[in-house]
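Notes for the one structure printed next.
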Amino acid sequence: MRKNLALSKKVNEESSHDIKLDLDVRCQKLIGKLLQQSCPGVALFGEEGSTGADNAPYRWVVDPIDGTVNFAHGLPHAAVSIALQERARSKREADYPDGYRTLVGVVLDPFQNELWTAMRGGRALMNGKPVRVSRIRTLREAMVTIGFSKSRASLEQALPYFTWLVRRVRKVRMLGSAALGLTYVATGRLDAYMERQINLWDFAAGGLIVQCAGGRFWTEPGAIPGKYRMIASNGLIHSQLRIPR
Ligand code: IPD
Ligand code: CA
Ligand code: CA
(Lines give C-alpha, C1' and ligand atoms only; values in the text may rest on other atoms or scores of the structure.)
(Ligands and ions follow the chains in the order given, each with its own letter.)
Protein backbone atom coordinates (compact mmCIF):
# COMPACT_ATOMS: atom_id res chain seq x y z
CA MET A 1 0.00 0.00 0.00
CA ARG A 2 2.83 2.38 0.91
CA LYS A 3 4.64 1.71 -2.34
CA ASN A 4 1.52 2.25 -4.45
CA LEU A 5 -0.13 5.23 -2.74
CA ALA A 6 1.09 7.91 -5.13
CA LEU A 7 1.12 5.72 -8.26
CA SER A 8 -1.74 5.40 -10.71
CA LYS A 9 -3.77 2.29 -9.98
CA LYS A 10 -5.73 -0.17 -12.09
CA VAL A 11 -9.46 0.25 -11.44
CA ASN A 12 -11.48 -2.99 -11.66
CA GLU A 13 -14.92 -1.45 -11.02
CA GLU A 14 -16.31 2.02 -10.54
CA SER A 15 -19.76 3.13 -9.37
CA SER A 16 -21.28 6.45 -8.26
CA HIS A 17 -19.96 6.17 -4.70
CA ASP A 18 -17.27 3.48 -4.83
CA ILE A 19 -14.11 2.27 -6.53
CA LYS A 20 -12.66 -1.23 -6.57
CA LEU A 21 -8.98 -1.59 -7.40
CA ASP A 22 -6.94 -4.45 -8.75
CA LEU A 23 -4.76 -3.87 -5.68
CA ASP A 24 -7.70 -4.81 -3.39
CA VAL A 25 -7.63 -8.27 -4.96
CA ARG A 26 -3.83 -8.54 -5.06
CA CYS A 27 -3.46 -7.50 -1.41
CA GLN A 28 -6.05 -10.07 -0.29
CA LYS A 29 -4.26 -12.79 -2.29
CA LEU A 30 -0.99 -11.94 -0.57
CA ILE A 31 -2.60 -11.79 2.90
CA GLY A 32 -4.43 -15.10 2.24
CA LYS A 33 -1.19 -16.77 1.16
CA LEU A 34 0.71 -15.58 4.27
CA LEU A 35 -2.13 -16.62 6.61
CA GLN A 36 -2.37 -20.02 4.92
CA GLN A 37 1.38 -20.55 5.33
CA SER A 38 1.32 -19.72 9.03
CA CYS A 39 -2.06 -21.37 9.88
CA PRO A 40 -2.83 -24.03 7.25
CA GLY A 41 -6.48 -24.99 6.86
CA VAL A 42 -8.09 -21.96 8.52
CA ALA A 43 -10.97 -20.61 6.41
CA LEU A 44 -10.97 -17.03 5.13
CA PHE A 45 -13.95 -14.70 4.79
CA GLY A 46 -12.82 -11.66 2.86
CA GLU A 47 -14.17 -8.71 0.94
CA GLU A 48 -12.44 -10.00 -2.19
CA GLY A 49 -13.62 -13.61 -1.81
CA SER A 50 -13.68 -16.47 0.65
CA THR A 51 -12.11 -19.91 1.04
CA GLY A 52 -12.96 -22.89 3.26
CA ALA A 53 -16.24 -24.26 4.59
CA ASP A 54 -19.10 -21.95 5.60
CA ASN A 55 -19.15 -23.51 9.08
CA ALA A 56 -15.37 -23.87 9.56
CA PRO A 57 -14.31 -23.96 13.24
CA TYR A 58 -12.03 -20.94 12.72
CA ARG A 59 -11.89 -18.27 10.03
CA TRP A 60 -9.97 -15.13 9.20
CA VAL A 61 -12.09 -12.10 8.36
CA VAL A 62 -10.08 -9.92 6.03
CA ASP A 63 -10.46 -6.48 4.54
CA PRO A 64 -7.22 -6.13 2.56
CA ILE A 65 -7.61 -2.39 1.95
CA ASP A 66 -10.18 -0.59 4.06
CA GLY A 67 -10.51 2.92 2.68
CA THR A 68 -10.00 2.05 -0.99
CA VAL A 69 -11.49 5.32 -2.26
CA ASN A 70 -9.04 7.33 -0.11
CA PHE A 71 -6.18 5.10 -1.26
CA ALA A 72 -7.20 5.37 -4.92
CA HIS A 73 -7.05 9.17 -4.61
CA GLY A 74 -3.62 9.03 -3.00
CA LEU A 75 -5.03 10.06 0.39
CA PRO A 76 -3.01 8.24 3.06
CA HIS A 77 -5.87 7.17 5.29
CA ALA A 78 -6.55 3.47 4.74
CA ALA A 79 -5.85 0.27 6.61
CA VAL A 80 -5.57 -3.51 6.59
CA SER A 81 -8.08 -5.20 8.87
CA ILE A 82 -7.81 -8.85 9.96
CA ALA A 83 -9.83 -10.68 12.60
CA LEU A 84 -9.68 -14.28 13.74
CA GLN A 85 -13.07 -15.72 14.57
CA GLU A 86 -14.17 -19.05 16.03
CA ARG A 87 -17.46 -20.80 15.58
CA ALA A 88 -19.38 -20.32 18.81
CA ARG A 89 -20.79 -23.35 20.65
CA SER A 90 -24.17 -21.69 21.17
CA LYS A 91 -26.17 -18.75 19.83
CA ARG A 92 -25.61 -16.95 23.13
CA GLU A 93 -21.83 -17.17 22.75
CA ALA A 94 -21.86 -15.84 19.18
CA ASP A 95 -21.17 -12.17 18.42
CA TYR A 96 -22.92 -12.40 15.06
CA PRO A 97 -25.98 -14.20 13.70
CA ASP A 98 -23.85 -16.40 11.43
CA GLY A 99 -22.59 -18.10 14.60
CA TYR A 100 -19.07 -16.70 14.97
CA ARG A 101 -17.30 -14.71 17.63
CA THR A 102 -14.10 -12.69 17.33
CA LEU A 103 -10.99 -13.82 19.19
CA VAL A 104 -8.32 -11.53 17.75
CA GLY A 105 -8.43 -8.18 15.95
CA VAL A 106 -5.58 -6.48 14.09
CA VAL A 107 -5.72 -3.18 12.19
CA LEU A 108 -2.67 -1.70 10.49
CA ASP A 109 -2.38 1.86 9.22
CA PRO A 110 0.67 1.54 6.96
CA PHE A 111 0.91 5.31 6.41
CA GLN A 112 1.13 6.31 10.08
CA ASN A 113 2.89 3.09 11.11
CA GLU A 114 0.16 2.44 13.66
CA LEU A 115 -0.78 -1.13 14.50
CA TRP A 116 -3.72 -1.93 16.79
CA THR A 117 -4.11 -5.40 18.27
CA ALA A 118 -6.55 -6.99 20.68
CA MET A 119 -7.27 -10.47 21.99
CA ARG A 120 -10.68 -11.25 23.45
CA GLY A 121 -10.62 -10.60 27.18
CA GLY A 122 -7.36 -8.64 26.98
CA ARG A 123 -6.40 -5.02 26.51
CA ALA A 124 -6.32 -3.09 23.24
CA LEU A 125 -2.82 -2.08 22.21
CA MET A 126 -1.45 0.42 19.71
CA ASN A 127 2.13 -0.33 18.72
CA GLY A 128 2.33 -2.50 21.84
CA LYS A 129 1.06 0.15 24.29
CA PRO A 130 -2.39 0.03 25.94
CA VAL A 131 -5.02 2.41 24.59
CA ARG A 132 -8.43 3.29 25.96
CA VAL A 133 -11.56 5.12 24.91
CA SER A 134 -12.27 8.76 25.79
CA ARG A 135 -14.06 9.90 28.93
CA ILE A 136 -16.41 12.39 27.23
CA ARG A 137 -19.89 12.16 28.75
CA THR A 138 -22.05 14.38 26.56
CA LEU A 139 -22.75 14.63 22.84
CA ARG A 140 -22.10 18.37 23.12
CA GLU A 141 -18.40 17.70 23.75
CA ALA A 142 -18.09 14.79 21.36
CA MET A 143 -16.24 14.42 18.07
CA VAL A 144 -17.82 11.55 16.17
CA THR A 145 -17.57 9.97 12.76
CA ILE A 146 -20.18 8.44 10.49
CA GLY A 147 -19.95 6.38 7.34
CA PHE A 148 -22.32 6.75 4.42
CA SER A 149 -21.71 3.26 2.99
CA LYS A 150 -21.86 2.97 -0.80
CA SER A 151 -25.32 2.91 -2.31
CA ARG A 152 -27.45 5.90 -3.24
CA ALA A 153 -30.28 4.53 -1.09
CA SER A 154 -28.08 4.31 2.01
CA LEU A 155 -26.79 7.82 1.34
CA GLU A 156 -30.35 9.19 1.19
CA GLN A 157 -31.24 7.41 4.44
CA ALA A 158 -28.11 8.61 6.22
CA LEU A 159 -28.49 12.30 5.27
CA PRO A 160 -31.36 13.13 7.69
CA TYR A 161 -29.37 11.33 10.37
CA PHE A 162 -26.35 13.47 9.56
CA THR A 163 -28.37 16.67 10.00
CA TRP A 164 -29.72 15.33 13.32
CA LEU A 165 -26.24 14.46 14.54
CA VAL A 166 -24.27 17.48 13.33
CA ARG A 167 -26.42 19.83 15.43
CA ARG A 168 -25.83 17.86 18.61
CA VAL A 169 -22.11 17.09 18.66
CA ARG A 170 -19.03 19.30 18.59
CA LYS A 171 -17.83 17.89 15.27
CA VAL A 172 -18.74 15.20 12.77
CA ARG A 173 -15.80 13.86 10.72
CA MET A 174 -16.09 11.54 7.75
CA LEU A 175 -12.75 9.85 7.28
CA GLY A 176 -13.36 6.98 4.82
CA SER A 177 -11.95 3.95 6.62
CA ALA A 178 -14.26 2.04 8.94
CA ALA A 179 -11.39 0.08 10.51
CA LEU A 180 -9.53 3.28 11.37
CA GLY A 181 -12.75 4.96 12.57
CA LEU A 182 -13.07 2.12 15.08
CA THR A 183 -9.46 2.16 16.19
CA TYR A 184 -9.69 5.93 16.63
CA VAL A 185 -12.65 5.39 18.97
CA ALA A 186 -10.57 2.78 20.81
CA THR A 187 -7.73 5.28 21.16
CA GLY A 188 -9.93 8.17 22.36
CA ARG A 189 -9.30 10.26 19.23
CA LEU A 190 -12.98 10.01 18.39
CA ASP A 191 -15.85 9.44 20.81
CA ALA A 192 -18.18 7.42 18.56
CA TYR A 193 -18.63 5.95 15.11
CA MET A 194 -21.95 5.05 13.48
CA GLU A 195 -22.74 3.46 10.14
CA ARG A 196 -25.61 1.55 8.57
CA GLN A 197 -25.14 -1.02 5.80
CA ILE A 198 -21.64 -1.90 6.89
CA ASN A 199 -19.98 -5.29 6.27
CA LEU A 200 -18.44 -7.74 8.73
CA TRP A 201 -14.94 -7.36 7.24
CA ASP A 202 -15.11 -3.60 7.90
CA PHE A 203 -15.65 -3.96 11.64
CA ALA A 204 -14.80 -7.48 12.90
CA ALA A 205 -11.29 -6.52 14.04
CA GLY A 206 -12.02 -2.88 14.98
CA GLY A 207 -15.12 -3.84 16.99
CA LEU A 208 -13.11 -6.14 19.26
CA ILE A 209 -10.42 -3.47 19.61
CA VAL A 210 -13.08 -0.95 20.77
CA GLN A 211 -14.41 -3.43 23.36
CA CYS A 212 -10.92 -4.26 24.64
CA ALA A 213 -10.25 -0.51 24.97
CA GLY A 214 -13.21 -0.19 27.36
CA GLY A 215 -15.72 1.03 24.76
CA ARG A 216 -19.08 -0.30 23.66
CA PHE A 217 -19.59 -1.94 20.31
CA TRP A 218 -23.08 -2.74 19.04
CA THR A 219 -24.21 -4.24 15.74
CA GLU A 220 -27.48 -5.55 14.40
CA PRO A 221 -28.15 -7.23 11.05
CA GLY A 222 -29.67 -4.72 8.63
CA ALA A 223 -32.41 -5.21 6.05
CA ILE A 224 -29.89 -6.30 3.37
CA PRO A 225 -28.33 -9.76 4.00
CA GLY A 226 -24.73 -9.46 5.22
CA LYS A 227 -25.07 -5.76 6.08
CA TYR A 228 -25.18 -4.43 9.64
CA ARG A 229 -26.12 -1.33 11.58
CA MET A 230 -23.33 -0.35 13.91
CA ILE A 231 -22.68 1.99 16.82
CA ALA A 232 -19.24 2.05 18.45
CA SER A 233 -18.61 4.46 21.28
CA ASN A 234 -16.69 5.18 24.45
CA GLY A 235 -19.68 3.68 26.29
CA LEU A 236 -20.50 6.88 28.16
CA ILE A 237 -22.37 8.54 25.29
CA HIS A 238 -23.73 5.31 23.80
CA SER A 239 -27.32 5.72 24.97
CA GLN A 240 -27.45 9.22 23.46
CA LEU A 241 -26.71 7.88 19.98
CA ARG A 242 -28.88 6.14 17.43
CA ILE A 243 -28.65 4.91 13.88
CA PRO A 244 -31.52 4.71 11.35
CA ARG A 245 -32.76 1.32 10.09
C1 IPD B 1 -15.48 1.16 3.17
C2 IPD B 1 -14.86 2.16 4.11
C3 IPD B 1 -15.81 3.30 4.37
C4 IPD B 1 -17.12 2.80 4.93
C5 IPD B 1 -17.74 1.76 4.01
C6 IPD B 1 -16.75 0.63 3.77
P7 IPD B 1 -13.73 -0.21 1.65
O8 IPD B 1 -14.61 0.06 2.99
O9 IPD B 1 -14.51 1.57 5.34
O10 IPD B 1 -15.28 4.18 5.32
O11 IPD B 1 -18.00 3.88 5.08
O12 IPD B 1 -18.90 1.23 4.59
O13 IPD B 1 -17.32 -0.31 2.92
O14 IPD B 1 -14.67 -0.43 0.52
O15 IPD B 1 -12.85 0.95 1.47
O16 IPD B 1 -13.01 -1.46 2.03
CA1 CA C 1 -13.89 -1.93 4.12
CA1 CA D 1 -11.84 -3.13 1.22
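The values are calculated or read from the model by the stated rules, or taken from the named source; none is laboratory data. Everything numeric in this text was worked out from a predicted model, so none of it was measured. So basically every Cβ, Gly included, is an ideal-geometry build from the backbone, and we count neighbours across all protein chains shown. Side chains are part of the model used for accessible areas, which takes the heavy atoms of the whole protein and leaves out ligands, DNA and RNA. Shrake-Rupley method; radii C 1.70, N 1.55, O 1.52, S 1.80 Å.
Evaluate E = 1/(1 + (r/R0)^6) for Glu114 and Glu13, where r is the Cβ-Cβ distance and R0 equals 25 Å; express this FRET efficiency to the nearest 0.05.
0.30
What shape does segment 2-130 have by the C-alpha gyration tensor, where a ≥ b ≥ c are the square roots of the eigenvalues, rounded means a/c under 1.5, and otherwise prolate means a/b greater than b/c and oblate the rest?
prolate
Please give the solvent-accessible surface of Thr138 in Å², to the nearest 10, using a probe radius of 1.4 Å with every protein chain present.
40
Could you give each residue of segment 238-243 its phi-based ³J(HN,Hα) in whole Hz, using Karplus coefficients 6.51, -1.76, 1.60 with θ = phi - 60°, and x for Gly or Pro?
4, 5, 8, 9, 8, 9
For a test of the definition: using alpha carbon positions, the gyration tensor, and the 1.5 limit on a/c, classify segment 88-245 as rounded, prolate or oblate.
Cα axes put segment 88-245 in the oblate bin.
Residues with amide H under 5 Å of Leu175's amide H, sequence separation 5 or more or different chain, H placed in the peptide plane at 1.01 Å from N; which?
Ile146
What distance in nm separates the simple spin-label points at Gln36 and Glu93, each placed 7 Å from Cα in the Cβ direction?
2.9
How many angstrom separate the Cα center of segment 104-119 from the Cα center of segment 28-67?
The distance from the Cα centre of segment 104-119 to that of segment 28-67 comes to 17 Å.
Would segment 144-214 count as rounded, prolate or oblate if I go by the C-alpha gyration tensor, calling it rounded below 1.5 in a/c and otherwise prolate when a/b exceeds b/c, oblate otherwise?
oblate
Looking at segment 139-240 only, what percent of DSSP beta bridges run antiparallel? Nearest 5 please.
So the antiparallel bridges in segment 139-240 amount to around 65 percent.
Where the centroid of each part is defined by its Cα atoms, how far is segment 200-245 from segment 79-103 in Å?
Each part reduced to its Cα centre gives a spacing of 14 Å.
Using the per-residue mean of other Cβ atoms lying within 10 Å as a proxy for protection, in what order, highest first, do the peptides 141-154, 170-183 fall?
Going from most to least packed, we get 170-183, 141-154.
Using a 10 Å cut-off on Cβ atoms, rank the peptides 211-223, 26-38 from the highest mean neighbour count down.
The packing order, highest mean first, is 211-223, 26-38.
For Gly222, enumerate residues with amide H under 5 Å from its amide H, sequence gap 5+ or separate chain, H modeled in the peptide plane.
Correct list: Lys227, Tyr228, Arg229.
Counting only pairs 8 or more places apart or on different chains, how many lysine pairs in segment 2-130 have C-alpha atoms closer than 24 Å?
11
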